[in-house]
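K.L.:
Dumping the structure here so I can ask a few things about it.
The values are calculated or read from the model by the stated rules, or taken from the named source; none is laboratory data. Values in this document were obtained by computation on a predicted structure and should not be read as measured data. All Cβ positions, even for glycine, are placed from backbone atoms using ideal geometry, and neighbour counts span all protein chains on display.
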Amino acid sequence: MLNAQLIPDTVALVTLIALLEVFRRRHPQERVRLWLIGMLWILVECVARMFYERHAPYHRFLHVVALDSYVIAGTIFVYSAHRNAIPWTTRFMAHAVNVLPMVVIAALYGAEYRGSMAPYYVCCAWAVVTGVLMTTVFRNSLSSRLGTYLVFRFLIWGPTIGFLYTHQFRAAVYWLLATLFLAAGISMHQMLERGGAGKLAIVAGFTLWALCFGTHPFVSDSGFWGPIMSRFWDLQKFIIMVGMLMVLLDEQIAHNHSLALHDDLTGLPNRRLLEDRLAQAMSRAERNGSSTAVVMLDLNGFKRVNDTLGHAAGDQILCQFVEELKKAVRSADTLARYGGDEFVVVVGDIVRGQPVDRLVEAMRRAGARDYEVQGHRFSVEAAAGAAVFPEDAGTVAELLQIADDRMYRDKPLRQAAGLSSRDLGFPIAK
């Protein structure tokens, strides 16, 4: 018989899953795909529970489906939160081997098998052996977390073995589920770097789920606590789903903010972020009694590459040039794309009054070399000009204008040694 009371919750879950799928299609991520698969297994559990009625036809089958859906979903959530150098196939096999005894024990309990204890003990032995093997095989990757892993594994299987030994089958199964979903919550907490309400909701949801599993065998028959925990039982999945959507929304907002301040092609700060960084560097120099230099670079003859080989070739040269230039820029300084083939380097903490000629020459030489693109080699050199705060100017706009003027005065001097193929680039010898 259909439990109509569960229909609204199931419809709400389907709606949230659909929203997660819409987000996944627009912004494909492996993590989101795994979250979606995990929630689909939770949906399978909801449908099985909707039709489950004790002593009704197929009730054992539906009980097995519901319990094993929880096990599979919990394992997927844990798997989705793991980020390390181990190949995904190896991680998948490790999780599959670890989850197999949980699946079997849950299936035996759901099928109401109460015969020989041998299958239960075999599963426990399997869990112990695989735990030892995991610590041996993945010792290097676990490294500092080895102690935590061993303690958590004991907390999973120690009480489970004790419950089975005393024939408390329900307690054993729900203890496994509780620890599995607690592990998912801990893994999510470690994986989600950005804080906020979304992360809090996900971790709280999994923790609440673990609490529901852990207390279910002891309160389900209580006239007072049973209905209360039943309400919580239906709540946590929605908390987690909303948390996942909030996390993805926050990450997308942060990504859009980053795009607004960075160049799409090179990933460097754009003019807006450059001006902000330069203003900060000038304020810091004013407080410290130091100077800040602005070095502007422009590739000589770059237009000929675009006109001859196309913009794709020009983009490749720009990216290669940027990679070389990055090697000469300190992490505390700023390298930005000012526009087209113009770049700006902001260098702070310069001794006031110190000439910057050597700095300009170093920046000019940093990216000067031959670059290969589409079977041609181009020799690249940049014209450069600099302005210094506070010696040359006191505002961001004035500094950039002075550096730009000096760079253009330097350009004719460098034109002959600039970008050439001996004008069009010479083919690379095969």
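K.L.:
Applying the selection to region 1-56, what residues are surrounded by fewer than 12 Cβ atoms within 10 Å (Cβ to Cβ) and either assigned to a helix (DSSP H, G or I) or modelled with pLDDT of 90 or more (or both)?
P.N.:
Residues satisfying the conditions are Ala4, Gln5, Pro8, Val11, Thr15, Ala18, Val22, Arg25, Arg26, Glu30.
K.L.:
Going residue by residue through region 61-75, is there one that turns out to be under 15 Å from Leu180 (Cα atoms) and either at pLDDT below 80 or in contact with a His (Cβ under 9 Å, 6 or more places away or on another chain) (or both)?
P.N.:
Scanning region 61-75 turns up at least one residue that is under 15 Å from Leu180 (Cα atoms) and either at pLDDT below 80 or in contact with a His (Cβ under 9 Å, 6 or more places away or on another chain) (or both).
K.L.:
Something else now. Condition test on Arg277, is it among the basic types (Lys, Arg), part of a helix (DSSP H, G or I) and either closer than 16 Å to Ala393 by Cβ or in contact with a Pro (Cβ under 7 Å, 6 or more places away or on another chain) (or both)?
P.N.:
yes
A quick yes/no check of all residues on (1) surrounded by 13 or more Cβ atoms within 10 Å (Cβ to Cβ); (2) not β-branched (Val, Ile, Thr):
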{"position": "Val219", "(1), (2)": "yes, no"}
{"position": "Met241", "(1), (2)": "yes, yes"}
{"position": "Leu245", "(1), (2)": "yes, yes"}
{"position": "His257", "(1), (2)": "no, yes"}
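K.L.:
For residues that are hydrophobic (A, V, I, L, M, F, W, C), part of a helix (DSSP H, G or I) and modelled with pLDDT under 90, scanning just region 280-318, find the one that is surrounded by the most Cβ atoms within 10 Å (Cβ to Cβ). Steps first, answer last, please.
P.N.:
Here is the first cut: in region 280-318, the residues hydrophobic (A, V, I, L, M, F, W, C) are 281-282, 285, 293-297, 299, 302, 305, 309, 312-313, 317-318.
The next check asks that each one be part of a helix (DSSP H, G or I); those that pass are 281-282, 285, 302, 305, 309, 312-313, 317-318.
Checking which are modelled with pLDDT under 90 leaves us with 302, 305, 309, 312-313, 317-318.
Values: Phe302: 21, Val305: 28, Leu309: 20, Ala312: 10, Ala313: 18, Ile317: 22, Leu318: 23.
My answer is Val305.
K.L.:
While we're looking at this one, here's another question. Counting only residues that are of a type in the set (Lys, Arg) and under 30 Å from the mean Cα position of the chain (by Cα), how many does region 152-180 have? Give the steps one after another, and end with the answer.
P.N.:
As a first pass, look at region 152-180 and keep what is of a type in the set (Lys, Arg): 153, 170.
Those still in the list that are under 30 Å from the mean Cα position of the chain (by Cα) too: 153.
Residues flagged as of a type in the set (Lys, Arg) and under 30 Å from the mean Cα position of the chain (by Cα) within region 152-180 amount to 1.
K.L.:
Now, a different point. Given the conditions (1) hydrophobic (A, V, I, L, M, F, W, C); (2) modelled with pLDDT of 90 or more; (3) more than 20 Å from Leu335 (Cβ to Cβ), which single one is not true for Leu274?
P.N.:
Of everything listed in (1) hydrophobic (A, V, I, L, M, F, W, C); (2) modelled with pLDDT of 90 or more; (3) more than 20 Å from Leu335 (Cβ to Cβ), Leu274 misses just condition (3).
K.L.:
Looking at the structure I just gave you, is Phe206 touching a residue at least 24 places away in the same chain (Cβ under 8 Å) and under 19 Å from Tyr121 (Cα atoms)? Outline the logic, then answer.
P.N.:
Numbers: touching a residue at least 24 places away in the same chain (Cβ under 8 Å): yes; under 19 Å from Tyr121 (Cα atoms): no.
Considered against the rule, which asks whether it is touching a residue at least 24 places away in the same chain (Cβ under 8 Å) and under 19 Å from Tyr121 (Cα atoms), Phe206 comes out as no.
K.L.:
Could you say which residue among Ser258, Ser331 is part of a helix (DSSP H, G or I) and among the hydroxyl-bearing types (Ser, Thr, Tyr)? Full working, then the answer.
P.N.:
Details: Ser331 fails: part of a helix (DSSP H, G or I).
Just one listed residue meets the conditions, Ser258.
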